[in-house]
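Please read the structure below before turning to the comments.
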Amino acid sequence: MRRLAYILTAAGLFDSAYLLYTSAQPNCPTGTCAPISVFFLPHYVPAFLGLIWFAFSALVFAAKKWTGRLLLQVWRFSGVAGASFLGTYALLNNYFCPFCFTAYAIGILLIWISEKEFG
């Protein structure tokens, strides 16, 4: 399970880095996504927060004994809250970015794996 978590973390990092890269471009290179602004935040913030969350998930799985129970719960809560909010916001605004929804799915899978792995 932990090996799968590392693979999913790497995929999430790659996906979020790609989303951050495309949000800095005037036009999406693949033509599938356009930047979406969440409330008053700049359009690159969701991708940047996703990149930070996936980087932190690598630390959660690599150094379980150094991450406390509270830190694990904060990581899980922020992942579920972020994926739920951004996914709902995207659906309500008819924003169907396959890369964004892939990042949400990977995040939820990582949280499920952490539940199985750490209890």
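The values are calculated or read from the model by the stated rules, or taken from the named source; none is laboratory data. What you are looking at is a predicted structure, and each value in this text was computed from that prediction instead of being measured. Methodologically, a virtual Cβ is constructed for each residue, glycine included, from the backbone with ideal geometry; neighbour enumeration extends over all protein chains shown. The accessibility values were calculated without ligands, DNA or RNA, using every heavy atom of the protein model including side chains. Shrake-Rupley method; radii C 1.70, N 1.55, O 1.52, S 1.80 Å.
Over the chain, dividing the summed -39,500 (n - 2.57) contributions of all DSSP H runs of at least 4 residues by the number of residues returns a 222 nm mean residue ellipticity of -25000 deg cm²/dmol. Put a plus charge on the Cβ of each Lys and Arg, a minus charge on the Cβ of each Asp and Glu, and nothing anywhere else: the dipole of the chain about its Cα centre is then about 440 debye.
What is the angle, in °, between the Cα long axis of helix 69-92 and the longest principal axis of the Cα atoms in the chain? Nearest 10 is fine, range 0 to 90. Taking the Cα atoms of the chain, the angle to 69-92 is about 20 degrees. A simple spin-label model places the labels of R3 and L91 3.5 nm from each other, with each point 7 Å out along Cα-to-Cβ. Positive end of the dipole of the chain (Cβ unit charges, origin at the Cα centre): among Y18, A63, L41, the Cα lying farthest that way belongs to A63. Split the accessible area of the chain by element, probe 1.4 Å, and carbon with sulfur accounts for 72%.
Surface analysis of the chain yields an accessible area of 59 Å² per residue, using protein heavy atoms and a 1.4 Å probe.
For the chain, the relative contact order is 38 percent, taking Cα pairs closer than 8 Å that sit 6 or more residues apart in sequence and dividing their mean separation by the residue count. Each peptide among 80-93, 103-116 gets the average number of other Cβ atoms lying within 10 Å of its residues, and from highest to lowest they stand as 103-116, 80-93.
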